[in-house]
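A short write-up of the structure that comes next.
The values are calculated or read from the model by the stated rules, or taken from the named source; none is laboratory data. Predicted model only: the values in this text are computed from it and were never measured. We place every Cβ from the backbone using ideal geometry, glycine too, and count neighbours over all the protein chains shown. When the accessible area is computed, the model is the full protein with side chains, heavy atoms only, and any ligands, DNA or RNA have been set aside. Shrake-Rupley method; radii C 1.70, N 1.55, O 1.52, S 1.80 Å.
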Amino acid sequence: MEREVAIVGVGWEGFQPTTPHYSYKELIYQAAQKAYHNANVDPRKDIQSFVTVAEDFIEGTSIFDEYTPDQLGAVLKPMHTITGDGLHGLITAYLMIRSGICKIAAVEAHSKASNIKTLSQITHYALDPMLNRPFEFHPDFIAGLEMARFLHEAHITPEDCALVVQKNRRNALENPSAPYGFDYRLEEIQDCQPVAYPLLESHIAQPADGAIVVVLASREIAESLTVEPIWILGVGWCNDMYNLEYRDWGHLPYVTKAAQMAYHQAQIQTPSKKIDFAEVDDLYAYRELMSLVALGLISKHELPDALKMGKFHSTGQLPINLSGGSLGMGNLLEANGLAKLVEAVLQLRGQAGKRQLSFPHIGLVQSWRGIPTSSAAVVILASS
Amino acid sequence: MFSPFSINFESPTQWHGDLPVTSRYTAGIALERFFIALRDEGKILGIRCSRCSKTYVPPTLFCPQCLTELQEFVDVGLHGEIYTYTISYRNLDGSLSNAPQVIAFIKIADGGIIHKIEGIPPHQVFIGMKVAAVLKPTAERSGSILDICAFKPFG
Ligand SMILES: [Zn+2]
């Protein structure tokens, strides 16, 4: 398996439902300082290229990419911003190192969700203006449609989705960075308000603020640094058609394609045997189950039993979202992928505290940009 | 070194901003035909890709699978089947709505339409249900997806 690019530093600030004291720049600055300290690098001297991810409407500022260099130490250095999840940004930095353009790069993603006063309207504005927007539906109807079709096809019940909520929010209790840890009884989860039947309020990840910075390095640099490198074995990304009308509502073919690309590069033939743990999209509880199927980590017909047997619990055969996932850490918007990546790095380094697995070798991270997107990224990591 | 605890909570720490965003969207050749047919003839149009044996609803000028330019518009009728549905309890701003709304993806040919389901209690709706479009009277139609009032069960 290839070991050409490694993650050599991670830093994050948060995560919290609100951060009234810090501006987004200060959040990023804090996360960056921690990441550079973690990697033991000097950003002004050592880091050769920077990538950030952001979306103008979410930031509340046009041409937001102009606002990103100073807090990262990227002034007058190669840097660019992409609209994508943090994992897309990470893959971009990975590709720059693989191509030889630079040897050490930093990636940043953040969320200042508490400053967004009209998130549902921003999501609504992402829909087709003529076919979908005229109804003025709350955009979570899209998750409701997807969940209903998936439950129908996979013979999954809303109770199975409640098990995902219970697991992830319990996992979050062991993660000091996760603000939404709670030990719920299943009835408490199921008695929640419906938002878009069968989707309940309790199935939805609540917004959170935070910033994450990751430092990547080529093999020669990684091996010279003091920190244990976590190797990137494979990366994949994929988008489906954006039209809701042409969509395959019961499956996530774009997640499957992104995963296959990453598995191929990592030379993984049977992912369910090779992957020790995974951090997957759970912005809505049903999405965790859909993603696991799409990633080839479980088949649709094995899923109901696996859930009841606790296969995905922290002590199960295939722990999923040990970090607490987005249900436990909060919806960090474009930073969701990197929040999950941080967990994978900590697990593989053996630094995950009370939630540490015993000697995991390979972890998978997958992210989705949320409704209404059909956008997936997958990264496979390995310990040294 | 700074500390968040040094903040004076009475001091101006926030600024509120907004932006009026108004845009014009071009329907394009395929969707313009779709909306005009709906308005003037009360028809739902799709478009056929003979290479992929697919009929796209709503129509598109090109096949997203094989990228062939498409020309064969077809009348796909006003009937479809509920492929998936949801009951929305929220208004666009997130507030609770007074009247829960059934929203469905109605499969028509190899595509379909996202629309409201009416004329049936929400708990009686099911995946696979046959539904038909109910159109506004001709004089009230404007060439919009809202020229269809809703889909209702039939048969
Ligand atoms: Zn075609």
| request: State whether one or more residues within the stretch A:218-232 are part of a strand (DSSP E or B) and within 25 Å of A:HIS110 (Cβ to Cβ). | output: yes
| query | Do any residues in the stretch B:60-71 that are away from chain A (no Cβ under 11 Å) have Cβ atoms under 6 Å from those of residues that are within 6 Å of the ligand (Cβ to nearest atom) and open to solvent by 100 Å² or more (accessible area, probe 1.4 Å), where the two are at least six apart or on different chains, and which pairs are they? | reply | B:CYS66/B:ARG51; B:THR68/B:ARG51
| Among the strands (runs of 3 or more DSSP E) contained in the stretch B:14-102, which hold 2 or more residues that are more than 16 Å from the ligand (Cβ to nearest atom), open to solvent by less than 80 Å² (accessible area, probe 1.4 Å) and under 19 Å from B:PHE151 (Cβ atoms)? | B:79-90
| task | Considering only the stretch A:119-191, give the helices (runs of 4 or more DSSP H) lying wholly within it that have at least 3 residues that are outside the structural domain of A:LEU292 (by TED's automatic domain parsing) and surrounded by 23 or more Cβ atoms within 10 Å (Cβ to Cβ). | result | none
| Matching residues, the stretch A:17-37, being buried (at least 18 other Cβ atoms within 10 Å of the Cβ) and of a type in the set (S, T, N, Q) | A:THR19, A:GLN30
| said: Quick check on the stretch A:191-204. Is at least one of its residues free of Cβ contacts under 8 Å to residues at least 40 places away in the same chain, of a type in the set (Val, Ile, Thr) and more than 9 Å from every other protein chain (Cβ to nearest Cβ)? | reply: no
| message | It is to be established whether one or more residues within the stretch B:128-143 are open to solvent by less than 60 Å² (accessible area, probe 1.4 Å) and within 16 Å of the ligand (Cβ to nearest atom). | response | no
| query | What residue, of B:LEU31, B:LEU19, is out of contact with any Ser or Thr (no Cβ under 6 Å at 6 or more places or on another chain), modelled with pLDDT under 95, farther than 20 Å from B:ALA132 by Cβ and within 11 Å of chain A (Cβ to nearest Cβ)? | reply | B:LEU19
| query | Looking at A:ALA377, is it under 28 Å from A:ASN243 (Cβ atoms), among the aliphatic types (A, V, I, L, M) and in a helix (DSSP H, G or I)? | reply | no
| field | Residue among B:LYS136, B:LYS130 that is modelled with pLDDT of 95 or more, within 14 Å of chain A (Cβ to nearest Cβ) and more than 14 Å from the chain's Cα centre (by Cα) | value | B:LYS136
